[in-house]
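What follows is a short report on a single structure.
The numbers here are math on the coordinates, done by the rules we state, and not lab data. Note that the structure is a prediction, hence the values are computed from the model and not measured. We place every Cβ from the backbone using ideal geometry, glycine too, and count neighbours over all the protein chains shown.
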Amino acid sequence: MMRSLAVQARGVVGVLRRGHADALALAIGDSRAFVRSLFLASLVRLDLAAFLAEPRTLSELAERTAATRSDRLSAWLNVGVALHEIRRDDDRYVARGRRARALAGGDPLLVAHYRSMLDYQSGPYEQLSELLRTPQGEGRDDLDRHATVIAEVSRAADPFVTPYLVDIVTAIAPRRLLDAGCGTGLYLRAMLDAVPQATGDGIDLAPEVVDDARMRLEDAGLTERASIAVGDIRTFTASATGVYDVVTLINNVYYFDSDERVELYRQLRAALTEKGELIVITMVTPGSPASMHLQLMLVSQGGHASLPRAGEVERDLRAAGFTAVSSTRLVPTEPFVGVRAR
């Protein structure tokens with residue numbers, strides 16, 4: 001025992017003499033968090049999270065994953081055991097950690113968060129060398145490949161966005177709403193629930209996302225009050241003059257080329273009734289690691305996606321002819337804003 005402690009003490013002294021001991025300690029902590037994220041992301045990708053809500057043997061897990069290499073499956077499971085995300089009792093494994101148990105319970109936001117890590121969120125970093133040399137307008141196609149996951153991940157802002165929207169529509173009492181880039185239909189539903197006399201339209205580019213939104217609205221009993229379409233908002237509103245009392249752009253204005261946003265706002269202004277309001281909700285730059293990470297994700301896409309800079313949305317809305325423009329910071333720790341324009 002004493003010899004072991006002496007060896008460990010010499011190792012610690014060696015680390016201190018090497019310099020940057022504080023950085024090394026931080027790196028070790030980062031590595032553990034990184035491994036945890038990788039493990040949980042692979043747990044979701046293998047579709048084992050819910051399966052491990054109950055104790056499972058190695059052979060059951062091998063059958064579930066069609067694994068022919070039990071040594072690799074066992075090694076992977078033991079990573080989860082070491083992280084205390086998985087518990088091993090004799091020859092059975094079960095979800096143990098708070099994250100793993102939440103994933104086993106089917107938490108949709110956490111499932112989407114971890115599902116997005118390996119293919120979507122890590123992609124620009126893995127491909128950075130190639131992306132730095134890619135011609136303008138070319139890049140990743142995450143919107144096509146991961147539309148459903150992106151729509152689900154964006155729901156992380158729901159606790160801040162929904163109260164903001166509900167306050168506005170409750171005060172305005174609109175008759176007709178339009179949610180441009182409606183995603184899963186979460187916010188369209190929230191607004192319709194808040195204003196029982198209103199009807200609403202939603203539009204999104206991704207057919208699979210629209211299918212999901214339709215099912216969610218049907219489950220909520222809103223099919224007679226809501227219509228969801230696949231399409232481009234610019235085409236959809238081309239002939240809609242003075243139709244809507246409220247139009248929303250939530251977590252999507254950054255997919256439009258910055259040079260085209262004023263014209264987009266002008267077109268949406270034409271679709272509003274005389275006292276109608278356009279509501280733009282978006283992350284802006286600079287302001288936080290999360291906003292800068294999202295900016296990297298966006299500029300890595302094919303096309304010209306990018307976050308607006310602080311104050312840019314308000315300036316563009318005024319340039320589009322809106323005269324009453326006000327901005328509210330929605331998340332205390334992030335540059336995430338809601339902008340109302342009349």
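Could you work out how far the C-alpha centroid of region 186-203 sits from that of region 133-172, in angstrom?
What the calculation gives is 17 Å, centre to centre.
Among 104, 238, 320, which one moves the most in a GNM of the chain with springs linking Cα atoms closer than 10 Å?
Top of the fluctuation ranking is 238.
Out of the DSSP beta bridges found with both residues in the chain, what percent are antiparallel (nearest 5)?
Of all bridge pairs located within the chain, approximately 45 percent are antiparallel.
Compute the distance from the alpha-carbon center of region 235-254 to that of region 21-61, in whole Å.
After rounding, the separation between the Cα centres reads 42 Å.
Using the Kyte-Doolittle scale, which helices in the chain average at least 0.0 and also have C-alpha atoms spread 27 Å or more along the helix axis, with helices defined as whole DSSP H runs? Working shown, then result.
Details: long enough: 21-45 (36 Å, 1.00).
In the chain, the long hydrophobic H runs are 21-45.
For n ≥ 4 DSSP H runs only, could you compute -39500 (n - 2.57) per run for the chain, divide by its residues and tell me the 222 nm figure to the nearest 500?
Dividing the helical sum by the residues of the chain leaves -14500 deg cm²/dmol.
Rounding to the nearest 20 debye, state how big the charge dipole of region 150-341 is about its Cα centre with +1 on each Lys and Arg Cβ and -1 on each Asp and Glu Cβ.
Details: 17 positive and 25 negative charges, 112 e Å.
Roughly 540 debye for region 150-341.
Among (i) 83, 47, 38; (ii) 55, 46, 38; (iii) 58, 42, 36, find the value of Cα extents along the principal axes in Å that was calculated from the structure presented, and write down its label.
So the structure-derived entry is (i).
I'd like the antiparallel share, as a percent to the nearest 5, of DSSP beta bridges with both residues in region 247-342. Walk me through the numbers before you get to the answer.
Details: 11 of 16 bridges.
So the antiparallel bridges in region 247-342 amount to around 70 percent.
Take peptides 29-35, 122-128 and line them up by average Cβ neighbours within 10 Å, highest first, as a rough protection proxy. Present the calculation step by step, with values, prior to reporting the outcome.
Working: 29-35: 10.9, 122-128: 14.4.
Highest mean packing first, the order is 122-128, 29-35.
5 Å is the cut-off here: which amide hydrogens, built 1.01 Å from N in the peptide plane, fall below it relative to residue 331, excluding neighbours closer than 5 in sequence?
Under 5 Å from the amide H of residue 331: 336.
For residue 226, what residues show an amide H to amide H distance below 5 Å, using hydrogens built from the backbone and excluding near sequence neighbours?
Long-range HN contacts for residue 226: 200.
Amide H to amide H under 5 Å from residue 85: which residues, 5+ apart in sequence or cross-chain, H placed 1.01 Å off N in plane?
For residue 85, whose amide H was placed from the backbone, the distant partners under 5 Å are 97.
Tell me the net charge near residue 264. Cut-off is 11 Å between Cβ atoms, residue 264 excluded, with +1 for each Lys or Arg and -1 for each Asp or Glu. Walk me through the numbers on the way to the answer.
On the way: positive: 234, 261, 266, 269; negative: 232, 257, 259, 260, 263, 316.
Once positives and negatives cancel, what remains is -2.
Which of the peptides 172-183, 330-341 is most tightly packed, and how do the rest follow, judged by the mean count of other Cβ atoms within 10 Å per residue?
By packing density, highest mean first, the sequence is 172-183, 330-341.
With the calculation restricted to Cα positions, what are the radius of gyration and Dmax of region 26-106 in angstrom?
So, for region 26-106, Rg and Dmax equal 12.2, 39 Å respectively.
Can you tell which of 278, 252, 171 lies farthest toward the positive end of the dipole of region 146-282, using +1 and -1 charges on the Cβ of basic and acidic side chains (Lys, Arg; Asp, Glu)?
Final value for the positive-end residue is 171.
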